[in-house]
Every structure is written in C-alpha cells, then in structure tokens.
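In what follows, a structure is listed as structure tokens, so that the remarks can point back to it.
The values are calculated or read from the model by the stated rules, or taken from the named source; none is laboratory data. Predicted model only: the values in this text are computed from it and were never measured. Neighbour counts are summed over all protein chains in view; Cβ atoms, including those assigned to glycine, are modelled from backbone coordinates with ideal geometry. Keep in mind that these areas ignore ligands, DNA and RNA; they rest on the heavy atoms of the full protein, side chains included. Shrake-Rupley method; radii C 1.70, N 1.55, O 1.52, S 1.80 Å.
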Amino acid sequence: MKLFASLHLHSTHSDGVYTPAELAEVGKNEGYGALALTDHDTVTGNADMMAECKKCGLECIFGVEFTTQSTVTGRSYHMTAYHFDPEYPEMKDYLEKMSDRETDQTKILFERGVSIGYIKGITWDEVLEFNKGVSWLCNDHVFRAMKAKGLLCDL
C-alpha cells in the first residue's frame, strides 16, 4: 500500500480557506497518509492540526513556511521548515515578530479602508474577536469577519 503526503498546506491561521480540522478531514478523504501544516510565519494552527490528524489516523508533520529575503537580490521568497522546536527562544521571538509584522500591515490597510469609506460596519476589535487564536492576520481574515457579520456576500 502506498501512502502519500501533502507537505505544504495553509489553514485559516494564515491565508488558507480551511481550518486545520477541515484540512485533516480532506486529507483523510483524499487518501493521504501524512500532512504538514505550513502556514505563513505562524504555528498557531499546528496543535489543532496534529490533534485532528491523530483522530483521522494520519501522520502529522510539524511545519511552517517562512517568508525571508535574499541579501543578494533583496527579493522575498518562502522557505518551508519541518520538525523544529517553536518554543526555542529565538524561534519563538522570530515567529512572533513575523506575525506582528503581517498583522500590523493588515491593520494599516484596514484603517486606510475605513478612513476612505471602503470598509464600513466593522471595527478592528471585531476582526480580532472573530479570528481568536490567530496571530498572523491578513486581508483574508478581515474579509471572513466582514462576511460573518453580513457585510459581504458570496459571488
């Protein structure tokens, strides 16, 4: 019997559309034997992913997708990393810094949208409340909160 793995998945903890639990269910239904959650610059979804994979009988590989920048070209790129200790002090600080950077940029864009009238009927605190447990917030998190509040509809 062959087992297949999907080693690059994003959840709602970064810019994915499925929760870690939903990813595990989809992975099981698709016949995978192992999954790795590699959200952008955050590991906040990994505990849920590992627990759900265990329930589904799947192996779960701890991972993340780091955003980094070339010192030669100045261009940013992504690099996946697996099986590391997220509690190692330098790693924990780095992950927190990266999450704060993305969330701060998203908040700036949100506030700009509010100030020019593109975003109405929702506050930043409501976005945070809707996305509890998520430390890396991008525009997708704002849109999901707005949709849940009835401010956006599906096309």
> Looking at the stretch 68-85, which of its residues are open to solvent by 50 Å² or more (accessible area, probe 1.4 Å) and assigned to a strand (DSSP E or B)?
Replying inline: Gln69, Ser76, Tyr77, His78, Met79, Thr80, Tyr82
> Residues in the stretch 106-113: is at least one within 18 Å of the chain's Cα centre (by Cα), at pLDDT 95 or above and among the polar types (S, T, N, Q)?
Replying inline: yes
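Yes/no matrix, rows are residues, columns are (1) assigned to a strand (DSSP E or B); (2) more than 19 Å from Glu102 (Cβ to Cβ); (3) without any contact (Cβ under 8 Å) to a residue 24 or more places away in the chain; (4) open to solvent by less than 80 Å² (accessible area, probe 1.4 Å):
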position: Asp15; (1), (2), (3), (4): no, no, no, yes
position: Leu23; (1), (2), (3), (4): no, yes, no, yes
position: Gly27; (1), (2), (3), (4): no, yes, no, yes
position: Thr44; (1), (2), (3), (4): no, no, no, yes
position: Ala47; (1), (2), (3), (4): no, yes, yes, yes
position: Glu52; (1), (2), (3), (4): no, yes, no, yes
position: Cys60; (1), (2), (3), (4): yes, yes, no, yes
> Condition test on Glu126, is it touching a Phe, Trp or Tyr at 6+ places or on another chain (Cβ under 9 Å), closer than 21 Å to Lys147 by Cβ and touching a residue at least 12 places away in the same chain (Cβ under 8 Å)?
Replying inline: no
> How many of the residues in the stretch 115-130 are assigned to a loop (DSSP other than H, G, I, E, B) and either more than 13 Å from Phe143 (Cα to Cα) or of a type in the set (Ser, Thr, Tyr) (or both)?
Replying inline: 4
